[in-house]
Amino acid sequence: MNKSEHRHQLIRALVSKNKIHTQVELQALLAENDIQVTQATLSRDIKTMNLSKVR
């Protein structure tokens, strides 16, 4: 599994277990799991994964 696949798997797990309101919150959760990403990378991942905000 490459870095992005591992990161995407972790993002899916985090968004299914946590109520996340912002990319900054998601970025912090990733950092707690030793994954450092820029906001641009996170934004690209969200788009690639077809994640959307639920209201």
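Each reported figure results from applying straightforward, stated rules to the coordinates on display, with no laboratory input. These figures come from a predicted structure and were not determined experimentally. Glycine gets a Cβ as well: all are built from the backbone with ideal geometry, and neighbour counts include every protein chain shown.
For residues that are surrounded by fewer than 12 Cβ atoms within 10 Å (Cβ to Cβ) and either touching a strand residue (DSSP E or B) at 6+ places or on another chain (Cβ under 6 Å) or not in a helix (DSSP H, G or I) (or both), tally how many sit in region 45-55.
Within region 45-55, the subset surrounded by fewer than 12 Cβ atoms within 10 Å (Cβ to Cβ) is 47-48, 50, 52-55.
Retained after the next criterion (residues that are either touching a strand residue (DSSP E or B) at 6+ places or on another chain (Cβ under 6 Å) or not in a helix (DSSP H, G or I) (or both)): 50, 52-55.
Count: 5.
Against the condition assigned to a helix (DSSP H, G or I) and acidic (Asp, Glu), how does ASP34 come out, does it pass?
Spelling it out, it is not the case that ASP34 is assigned to a helix (DSSP H, G or I) and acidic (Asp, Glu).
Considering only residues that are in contact (Cβ under 8 Å) with a residue 40 or more places away in the chain and under 25 Å from ARG55 (Cβ atoms), look in region 1-44 and name the one that is surrounded by the fewest Cβ atoms within 10 Å (Cβ to Cβ).
Only one residue fits best here, namely HIS8.
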